[in-house]
């Protein structure tokens, strides 16, 4: 189709991107330093027509094209200076992706023409390529309409939430009840078999690894691998086309919405892992696909005085320039789009410290935090930070503002150390399993601010954590040099697979210990998909490039996997039923509301209260914590005082069997065993002052019914 230039209209500078109104499409692109912009319309055969974008308002280039509608492929050519030493990398030979594109026609096509510079010469990034570069994917105009009738955000309070970190492909690729054509897709997640499993387990929120359109790096494709995780974003508004069922262009947008609606109908929230700290364009030698060719110094943080180079706080070659208002607008517009148009419930921000850097340091009063805090839409969603980056001073666990939850890396490290038998962890453990008040209480946050996790996509799975002392990443093709070396793991006596029944039994118990500790800790628990079944990656702690059964969740059952899943479900059921195990306020360490019993007390195995010496003793590996059901100091949704049963949680990470004296010999109410990681079928009733047998490396949870129950 040929579009007559005389039919073009000026359009409007807002909204950015491609917006169809039923009669035509408005296109708007921000570029502060461009000298000219051409809109490229591409038909199904690849023929391109260039239309000049002549109107510019506040650095936004805009045009309205009549009779253009959904399915139309498009890109931009942006003219301006080629001066990399000053940060300018304009090259009209390169067709660029609209950063506001709502759908992509394809993935990046890797070849020499994916670059705006010469790649075959020393310092070639300083020299503009004259080749026609069509490697960037095209954007596609979408029809945003969707029937959201009946959709309601679950709005599960944080203190009631249980997060399940999952991958769209990894979770569904091997599921036998999901039709083959839906496996690995958004519709696979939406399938009743998948949603039914999540509900059966007790999950309230699924946290999906990145679904924004991303790039498979060329070096991975050359090895026969792929970017599995997706932390290499190229489009902040477009659902990745790789998770689409079928070949219908833009169907991924509708299918994503169908997934969200189905999950919401089951009461499950959708949290997206988002990557706004960098893009897939890499460092100064990387490809020019979108932002670099549109307005490099606006969108990226460049080295002052030598703007050829990029600041890299992310380990990927570049960092988005959140100090610039337009970069902030790009991020905020994207976030609001995913909430208002795609109906997601929250976000986990990858390397969030990079978003808070002012000149160089992480600034808790940064523009990014300020603008999110005051936004009436985003401030009401779940905001979760990965509170670190790779730059100086980037580790910021405990330092994010009010309204932000954080992946608590200190919780992960402490729980791993404690259960592998490392000494000197008792005092830190006390903070971690009670909500990390040392990190979150003083700035007005709550226990649920702590996203408690022991495993995540990045690192060992739970099964591998108790089966390997060393990483085994040979399959990644990097000589086993990639991935973390500090895993804080223990293989229980043999590296990797073994037939030794004693080792297998110990590993199973250790998995139960860690899972129970996680689910009975104050804070918001996050489970890595498959950990509840003992999923292994064969010791690979960096599965970023393994899109294969190595990282996919198996759905075949054997006795150990089913037993662990049912154990996890049991622990989650107990957690959901008892507000005392998921408090929304921190402990006070004193009697509450005029009562006589402290809201929390810590005990030694002999039944005596722990002393300062016990907390500091390097050999303290067994302890108990009493949680008073009358000491919640909180009310329910109706305003009535919350009262729960009492609990005693006993943890023994030592290699010795011990007797543990249960507290409150002067109270006639018995202690009833709920959980025993040594013997999940065990039953036991004890009086206060009596001793219970606590097997080496095991955990017990006892309940004492509230008064009058």
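Key figures
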{"read-out": "Helix-only [θ]222 nm of the chain, DSSP H runs n ≥ 4, -39500 (n - 2.57) each, per residue, nearest 500", "value": "-6000 deg cm²/dmol"}
{"read-out": "The stretch 577-618: projected area of the alpha-carbon convex hull, averaged over directions, in nm²", "value": "4.6 nm²"}
{"read-out": "Angle in degrees between helix 559-577 and the longest Cα principal axis of the chain, rounded to the nearest 10", "value": "80 degrees"}
{"read-out": "Inter-site label distance for residue 590 and residue 375 at 7 Å from Cα along Cβ, in nm", "value": "4.1 nm"}
{"read-out": "Hypothetical label at residue 656: residues of the stretch 667-709 whose amide nitrogen lies under 19 Å (7 Å Cα-Cβ projection)", "value": "691-700"}
{"read-out": "Pairwise FRET efficiency - residue 219 versus residue 85, Cβ, R0 = 35 Å, nearest 0.05", "value": "0.85"}
{"read-out": "Cα-based Kirkwood hydrodynamic radius, the stretch 1-157, one decimal, Å", "value": "17.0 Å"}
{"read-out": "Length released on extending from residue 705 to residue 180, taking residue separation times 0.36 nm less the Cα-Cα span", "value": "184.1 nm"}
{"read-out": "Shape category assigned to the stretch 531-634 from the gyration tensor of Cα positions, a/c cut at 1.5", "value": "prolate"}
{"read-out": "Nitroxide proxy distance, nm - points 7 Å out along Cα→Cβ at residue 673 and residue 58", "value": "6.8 nm"}
{"read-out": "Two-site FRET efficiency, residue 155 against residue 67, from Cβ-Cβ distance with R₀ of 60 Å, rounded to 0.05", "value": "0.90"}
{"read-out": "Binned Cα-Cα distance frequencies in the stretch 474-533 - 10 Å width, integer %", "value": "17, 36, 37, 11, 0"}
{"read-out": "Sites residue 123 and residue 422, calculated FRET efficiency, Cβ-Cβ separation with R0 30 Å, nearest 0.05", "value": "0.05"}
{"read-out": "Cα-based convex hull, the stretch 444-493, per residue volume (Å³, whole number)", "value": "113 Å³"}
{"read-out": "Shape call, the stretch 21-98: gyration tensor on alpha carbons, a/c limit 1.5", "value": "oblate"}
{"read-out": "Value of relative contact order over the stretch 580-704, rounded to a whole percent, pairs C-alpha under 8 Å and six or more apart", "value": "23 percent"}
{"read-out": "Over the stretch 580-704 - Rg/Rh using Cα atoms and the Kirkwood inverse-distance radius", "value": "0.98"}
{"read-out": "Per-q log10 I(q)/I(0), the chain, q = 0.10, 0.11 Å⁻¹ (Debye; single scatterer per alpha-carbon; no solvent)", "value": "-0.97, -1.14"}
{"read-out": "Sequence ranges 628-638, 380-390, 63-73, ranked by mean other-Cβ count within 10 angstrom, highest first", "value": "380-390, 63-73, 628-638"}
{"read-out": "Gap separating the Cα centres of the stretch 226-282 and the stretch 474-538, nearest whole Å", "value": "28 Å"}
{"read-out": "Tilt relative to the chain, helix 192-201 - C-alpha long axis, 0 to 90 degrees, to 10", "value": "40 degrees"}
{"read-out": "Inter-label distance, nm, simple model (7 Å from Cα along the C-beta direction), residue 303/residue 200", "value": "5.6 nm"}
{"read-out": "Rounded tilt (10° steps) of 325-340 against the dominant C-alpha axis of the chain", "value": "60 degrees"}
{"read-out": "Full-stretch length increase - residue 502, residue 143 - with 0.36 nm per residue and alpha-carbon distance subtracted", "value": "123.3 nm"}
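Taken together, the values in this text are just the output of simple stated rules run on the coordinates, not laboratory data. Note that the structure is predicted; figures quoted are calculated from it, not measured. A quick note on method: Cβ atoms are made from the backbone with ideal geometry, for glycine too, and the neighbour counts reach across all protein chains shown.
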